[in-house]
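Presented below is the structure to which this report refers.
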Ligand SMILES: Cc1cc2nc3c(=O)[nH]c(=O)nc-3n(C[C@H](O)[C@H](O)[C@H](O)COP(=O)(O)OP(=O)(O)OC[C@H]3O[C@@H](n4cnc5c(N)ncnc54)[C@H](O)[C@@H]3O)c2cc1C
C-alpha cells in the first residue's frame, strides 16, 4: 500500500507542487528519490492557531507510478431501461434525482414527475421573485429541476454520513461536472453558478439510459385502496389530468409542498408531526467574519471566505446557526404569494461581501398551542402564520423585515439598516413583535451568547432578517426502517426532506439511493 501522510501547508503554498513535496519530505520516512506523484485525499482549514493553515492527508507514489483513475459509476449503468418495470418519482430534487440514477443502475425505469421547470427556464421564475416580487407556486427557489438544492449554497457535508453512501453521491456529482475539489474537501461545496449544469448533466444521464422526466407535471391526486396506493393523478402543463401507475411510488416532494401534505391528509394517509426550528437569517459583512475567524485584517489569498457554527442553550432550548453561507447572498425562498421566507445561497467562489446564516430556535409543543386545532399540521400552520406576518409588514413585494442586530436585541425598530445582499430589499420592522415571543426571547439571548463566543459577531453592522422558517419539514410521512415502505401503503416510499428523512442536499441524495435500493430488492426479487 502506498504511504500516506498528514501534512500542513500555509495558504500561500496551496497550489505549489514543490511546497507539497517538501512538506511530505519533512515528515521523515521518505527520501527525495522515493517521492513521485502525490494525491491529496483530504483537505481542511485549521484556523485555531495564530495563522490559518491547510491540513491535508496525502498519498505518495514511488516515481514512475501513476494513480489509476476509478471507472465512472455511470459507465456501469445498463444501456437502456426504457422497457424495464417503472418506478414513479414525485419530485426532481436531490432525493428524486439520486433515486432515479440508482434505479437505473439497478435496472429499473424511473419516471420523474416535477411540478417545476428545468434549470434554464427556472431562472426566469427566480428573476420574477427577485425583481418583481412575483412568486410562482410551481417554480421558485424550492421548486423546479434539482429541487431546493439547485440555486443554493451547495454545501455538501452532512452529519448523517452513516445513513448512506456519501462517497458515491459525491462521486456522482463530480462525474456530472462538479469541481473535483469536492472529493477531498472536508467541507465541500459547489455553488449556484455550477449546480444548474451539474443538475442538467444528471438529467441527461437519466434520459440517455431510458428514464423519463416530465417537467411542469404535478401530482394533484391519488387513488388508493385500504391496503395500498393504486395510481397517481398527474396534471400536465395543459391542465389535463392523467393516471400514472407504477411498481412503486417515491414521494420526494420536499418540505415546502404543503399541498402534498393536504392531499395525503384528504386520503387518510398516515403522517405525524415532527420537530423543527424557526428563526431569522443574520447577515454580517464577510470581511468582519474573516477578521474574527482568521485573525487577519485582509483575508490571505487561497483562503476561502470563512464560516462559523454557533450553538447555545437558552431556557432549555437549542439556539443555533444553520446553513451558513460565507460570501453568499440572502434569497427569497417563498413558495406561495403572501409570505416571506428567506434562505441563503452562494456562488462557487463565495466572493460576495456578505456572510449569512440561519439563526434558529427549536420549536416545541408549547409554541404550537394556538394552532392545536390543526392537529399534525399545527407546526406547519405556525410556520405559515409567521411567514404571513412578515409579508404583511411590507409593501406587498418580497421586501423582508429586518433590524440591526443591536436594535433587535434591544427590541427596537432600526432607524436605518446596513447594506444587504438581499435583492428585493429590506425594510426596518419590529421583528421583536413579529416573531413568536418564545422564539424572539431565545434569539435575543442567543445572539448575545454568540457575541461572547465569537468576539465581533454582536455588531450593529449585522442585519437580522425575517424569517428563516423552512429549516426542515414540520411533518413526517412514516416508513418502515428496513423496507422504507409506508406502514399502511407498501407501494408508497416516503423519501427525502419532505418526508422528514433528510436535512440537506447530500442526506436527501443518500436517502434517494437507499429508497431506490429497497424498491429494487422488492421489485426484482
Ligand atoms: C436557498 C436554499 C439554499 C440551500 N442550501 C443548502 C446547502 O448549501 N446545502 C444543503 O445541504 N442544503 C441546502 N438547502 C436545503 C436542500 O436544498 C434541501 O435539503 C434538499 O434540496 C432536499 O432535497 P429533496 O429532494 O428531499 O427535496 P427538494 O429539493 O425540496 O425537492 C422536492 C421537489 O419536489 C417537487 N414537487 C413538490 N410537490 C410536487 C408535486 N405535487 N408534483 C410534482 N413535483 C412536486 C418540487 O418542485 C421540488 O423540485 C438549501 C435550500 C434552499 C431553499
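The values are calculated or read from the model by the stated rules, or taken from the named source; none is laboratory data. None of these values were measured; they are calculated from a predicted model. FYI the Cβ positions are ideal-geometry reconstructions off the backbone, even for glycines, and counts take in every protein chain you see.
Structure data summary
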| read-out | value |
| --- | --- |
| The stretch 174-189 - residue that is away from the ligand (no atom under 14 Å from the Cβ) and assigned to a loop (DSSP other than H, G, I, E, B) and, of those, nearest to residue 205 (Cα to Cα) | 176 |
| Residue that is out of contact with any strand residue (DSSP E or B) (no Cβ under 7 Å at 6 or more places or on another chain), outside any helix (DSSP H, G or I) and closer than 24 Å to residue 108 by Cβ, where the choices are 227, 201, 171 | 227 |
| Positions within the stretch 128-150 being in a loop (DSSP other than H, G, I, E, B), closer than 21 Å to residue 206 by Cα and either within 6 Å of the ligand (Cβ to nearest atom) or not assigned by TED's automatic domain parsing to the domain that holds residue 97 (or both), in sequence order | 143, 144 |
| Some residue of the stretch 250-266 being in contact with a strand residue (DSSP E or B) (Cβ under 9 Å, 6 or more places away or on another chain), more than 14 Å from the ligand (Cβ to nearest atom), in a strand (DSSP E or B) and not assigned by TED's automatic domain parsing to the domain that holds residue 345 | no |
| Index of the failed condition, residue 244 passing every other in (1) more than 15 Å from the ligand (Cβ to nearest atom); (2) in contact with a strand residue (DSSP E or B) (Cβ under 6 Å, 6 or more places away or on another chain); (3) over 24 Å from residue 510 (Cβ atoms) | (1) |
| Residue in the stretch 471-484 that is buried (at least 24 other Cβ atoms within 10 Å of the Cβ) and within 11 Å of the ligand (Cβ to nearest atom) present | yes |
| Boolean, residue 315 is touching a strand residue (DSSP E or B) at 6+ places or on another chain (Cβ under 7 Å) and under 22 Å from residue 443 (Cα atoms) | no |
| Selection count where residues are in contact with a helix residue (DSSP H, G or I) (Cβ under 9 Å, 6 or more places away or on another chain) and near the ligand (Cβ under 10 Å from one of its atoms), scope the stretch 495-525 | 15 |
| Residues that are touching a helix residue (DSSP H, G or I) at 6+ places or on another chain (Cβ under 8 Å), under 24 Å from residue 450 (Cβ atoms) and not in a loop (DSSP other than H, G, I, E, B), drawn from the stretch 387-412 | 390, 400, 401, 402, 403, 405, 408, 409 |
| Residue that is modelled with the highest pLDDT, among those in the stretch 190-240 that are at positive phi and near the ligand (Cβ under 10 Å from one of its atoms) | 216 |
| Selection within the stretch 340-362 - more than 15 Å from residue 279 (Cα to Cα) and part of a loop (DSSP other than H, G, I, E, B) | 347, 348, 349, 350, 351, 352, 353 |
| Residue within the stretch 281-292 that is outside any loop (DSSP other than H, G, I, E, B), without any contact (Cβ under 8 Å) to a residue 40 or more places away in the chain and away from the ligand (no atom under 16 Å from the Cβ) present | yes |
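Rundown of residues vs (1) out of contact with any strand residue (DSSP E or B) (no Cβ under 8 Å at 6 or more places or on another chain); (2) in contact (Cβ under 8 Å) with a residue 60 or more places away in the chain, yes/no style:
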{"position": "389", "(1), (2)": "yes, no"}
{"position": "414", "(1), (2)": "no, no"}
{"position": "452", "(1), (2)": "yes, no"}
{"position": "455", "(1), (2)": "yes, yes"}
{"position": "491", "(1), (2)": "no, yes"}
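Matching residues to (1) modelled with pLDDT under 95; (2) in contact with a strand residue (DSSP E or B) (Cβ under 7 Å, 6 or more places away or on another chain); (3) away from the ligand (no atom under 14 Å from the Cβ); (4) over 21 Å from residue 258 (Cβ atoms):
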residue	(1), (2), (3), (4)
63	yes, no, yes, yes
75	no, no, yes, yes
93	no, no, no, no
96	no, yes, no, no
102	no, no, no, yes
